[in-house]
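Contents: one structure, followed by commentary.
The values are calculated or read from the model by the stated rules, or taken from the named source; none is laboratory data. Just so we're clear, the structure is a prediction, and the values are computed from it rather than from any experiment. Cβ placement follows ideal geometry from the backbone for every residue including glycine, while neighbour counts extend to all protein chains displayed. Keep in mind that these areas ignore ligands, DNA and RNA; they rest on the heavy atoms of the full protein, side chains included. Shrake-Rupley method; radii C 1.70, N 1.55, O 1.52, S 1.80 Å.
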Amino acid sequence: MASDKAAGTFPVDQPVKALIRDHDMVRALADRYLNSDSQEVKKQAGTQILQALHMHSRLEESIFYPAVRCIDESLISHFEQDHQKVDDLVATLEGMSLDDSHSDTLMRELITAVAAHIQEEENDLFPRIEGSGVDMTPVGLQMQSFEANLVHTQAQISDGSIRRR
């Protein structure tokens, strides 16, 4: 996901496509998680889901939603409330071991909430954006830059370049 975009394939003129690509990746990871009996596969897929949702949520909340709020303020407010619930579940899961017996229940709850949110975005919001005539290129450029900065920061944290104080 992020590596494709960081490599320059982020569709800046069609940022909705980038969000759908993220959705597709989360759906594939969720399928992998839900359809495996292997604790190791679930742990790996779960970790990737949490990472992907963290990045995707920051991108939508910081750049995308503010830019498209003019299309339907109440719908965007609804999506922001969805994000708060998902963000809370992500934070809870990040704070516990995915080996914990309760984590499977929470992960399934997260996957269900995210699947419903994705479907609503793709069926209700994205077609309205496409039909609005709003030039999405400036939004796409901001999203590309924001995501590249997130990826860079995560890489620095992962390799220890940024020390916690």
Quiz item: Hey, what did the range 1-85 get for relative contact order, percent, Cα under 8 Å, at least 6 apart?
Solution: 19
Self-check item: Positive-end residue of 34, 89, 144, charge dipole of the chain with Cβ unit charges
Solution: 144
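Given the Cα atoms of the range 16-103, and with Rh set as the inverse mean 1/r over their pairs in the Kirkwood sense, what is Rg to Rh to two decimals?
Numbers: Rg = 14.6 Å, Rh = 14.1 Å.
Answer for the range 16-103: 1.03.
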Quiz item: So, by mean Cβ neighbours within 10 angstrom, what's the order for 96-107, 62-73 with the highest one leading?
Solution: 62-73, 96-107
Quiz item: Residue-wise, which Karplus ³J(HN,Hα) couplings in Hz belong to the range 115-125, taking 6.51 cos²θ - 1.76 cosθ + 1.60, θ = phi - 60°, and x for glycine or proline?
Solution: 4, 5, 5, 4, 4, 5, 4, 5, 8, 9, 7
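Rounded to a whole number, what % of the accessible area of the chain do carbon and sulfur atoms account for, probe 1.4 Å?
50
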Quiz item: With N residues in the chain, what two-decimal value do you get for its Cα radius of gyration over 2.2 N^0.38 Å?
Solution: 1.06
Quiz item: In deg cm²/dmol and to the nearest 500, what is the mean residue ellipticity at 222 nm of the chain if only DSSP H runs of at least 4 residues count, each as -39500 (n - 2.57), divided by the residue total?
Solution: -23000 deg cm²/dmol
Self-check item: Contact order relative to length of the chain, as percent, for alpha carbon pairs under 8 angstrom and 6 or more apart
Solution: 38
Quiz item: Any idea what angle helix 39-59 forms with the longest principal axis of the chain, computed on alpha-carbon atoms, 0 to 90 degrees, nearest 10?
Solution: 30
Quiz item: Which aspartates and glutamates have a Cα lying under 18 Å from the Cα of residue 17, excluding residues fewer than 8 positions away in the same chain?
Solution: 4, 60, 61, 120, 121, 122, 124, 130, 135, 147
Exercise. Please determine, in degrees from 0 to 90 and to the nearest 10, the orientation of helix 137-158 with respect to the longest principal axis defined by the Cα atoms of the chain, where the helix direction is its Cα long axis.
Key: 20
Practice problem: Check the straight Cα-Cα distances from residue 42 and name the aspartates and glutamates below 13 Å, setting aside those fewer than 8 residues away within the same chain. | Solution: 31, 99, 100, 104
Practice problem: Let me know the charge dipole size of the chain about its Cα centre in debye, to the nearest 20, where only the beta-carbon of Lys, Arg (+1) and Asp, Glu (-1) is charged. | Solution: 560
